[in-house]
Amino acid sequence: MNDYVRAVEYVDANGEHRTISDPEHLKAAAGCFGLLGVVTHITFELDKMQYAVLKPIKPDIGLAIPPLKRDDIPVALRRTFTDAQYQEALADFENRANNDYYSEWFWFTRSQQAWVNTWNTTDDKTGVVEYPSPFGTWLQWVEGWLGSVITTNPIFNALPGRWQAEVLGTLGMVNLPPFGFSSYGQTKIDENDIIKTAIPNALHFRRGV
């Protein structure tokens, strides 16, 4: 949020009304830990509302965030990839991290796949949907409730920690789009898997958490 602040008005310790608008001074004000004074006004500069184009994928963890060394990948998760595949994956990772409007990488412990959710914006509202839908929102709430039932069940808690992690990781990946798999570890984007929605929906794609 601090990056969007353009001015701060406050009353200082001497009772004087002051305004900060210099970018360097704003950085100091952002880290003042509440000691700046009594803030009376904050001026924000916001981007205009646009739409997000979501194209989530589920690549192998070894290619989602390519390691500096292949040996950095835990033995249990190692796969055989060519140097060309690693270079392609590294270029894709760097491009997403540097250039996409929004980017996040999810990994569930012991899961062979990662969930890559990076997206860009558009002004074109053709095909915009409410995401998740009312039914999808209800379903997410049910999933959250079931998760609490499972994780507090004595039988589940009696399982070895590794098994628990694998079960929860698998369920977590299954519940994230895209939901259809031609093979476990989908890396290609099908047109049906593209979601165009308002940015607030894209940022809060999970409800009922």
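With Cα atoms as the point set, region 73-146 shows a radius of gyration and Dmax of 17.2, 46 Å.
In the chain, helices alone account for a calculated mean residue ellipticity at 222 nm of -10000 deg cm²/dmol, with every DSSP H run of four or more residues adding -39,500 (n - 2.57). Considering only Pro132, Pro23, Pro160, the Gaussian network model of the chain with Cα springs below 10 Å gives its largest mean-square fluctuation to Pro23. Ranked by how many other Cβ atoms sit within 10 Å of their own Cβ, fewest first, the residues Arg207, Arg6 fall in the order Arg6, Arg207.
With 28 Å as the limit, the listed pairs Lys48/Lys196; Lys27/Lys58; Lys27/Lys48; Lys58/Lys125 have Lys27/Lys58 beyond it between alpha carbons. The ranking of Arg206, Arg96 from fewest to most other beta carbons within 10 Å of each one's beta carbon is Arg206, Arg96. For region 1-97, GluC sites (Glu not before Pro) are listed when DSSP marks them as loop and at most 11 other Cβ atoms sit within 10 Å of their Cβ; the list is Glu16, Glu45. Per the Debye calculation on region 1-74 with a single equal scatterer at every Cα and no solvent contribution, log₁₀ I(q)/I(0) for q = 0.11, 0.20, 0.27 Å⁻¹ amounts to -0.56, -0.83, -1.26. 3J(HN,Hα) along region 42-52: 10, 9, 9, 10, 10, 5, 5, 5, 10, 10, 9 Hz, from the Karplus curve 6.51 cos²θ - 1.76 cosθ + 1.60 with θ = phi - 60°, whole Hz, x for Gly and Pro.
Separation of region 107-153 and region 77-100, taken as the distance between their Cα centroids, equals 24 angstrom.
At q = 0.18 Å⁻¹ the log10 of I(q)/I(0) for region 2-44 amounts to -0.44, computed by Debye summation with a single uniform scatterer per C-alpha, solvent ignored. Dipole of the chain (Lys/Arg Cβ +1, Asp/Glu Cβ -1, origin at the Cα centre): which of Leu54, Ala30, Val174 lies farthest to the positive side? Checked the options; the winner is Val174.
Within the chain, all pairs of alpha-carbon atoms sorted by distance into 10 Å bins from zero give the percentages 7, 23, 25, 22, 16, 6, 1.
Contact order, relative form, for region 2-44: 54 percent (alpha carbon pairs under 8 Å, 6 or more residues apart, mean separation divided by residue count). Contact order, relative form, for the chain: 27 percent (alpha carbon pairs under 8 Å, 6 or more residues apart, mean separation divided by residue count). When Met1, Met173, Met49 are arranged by Cβ crowding within 10 Å, least crowded first, meaning fewest neighbours, the order is Met1, Met49, Met173. Across region 20-62, the residues whose backbone nitrogen lies under 11 Å from the label position 7 Å along the beta-carbon direction of Glu9 are 20, 40-43.
All of the numbers you see were taken from the coordinates with simple rules; none came from a lab. Since the model is a prediction, treat every value here as computed from it, not as a measurement. Cβ sites come from the backbone with ideal geometry, for glycine too, and all protein chains shown count toward neighbours.
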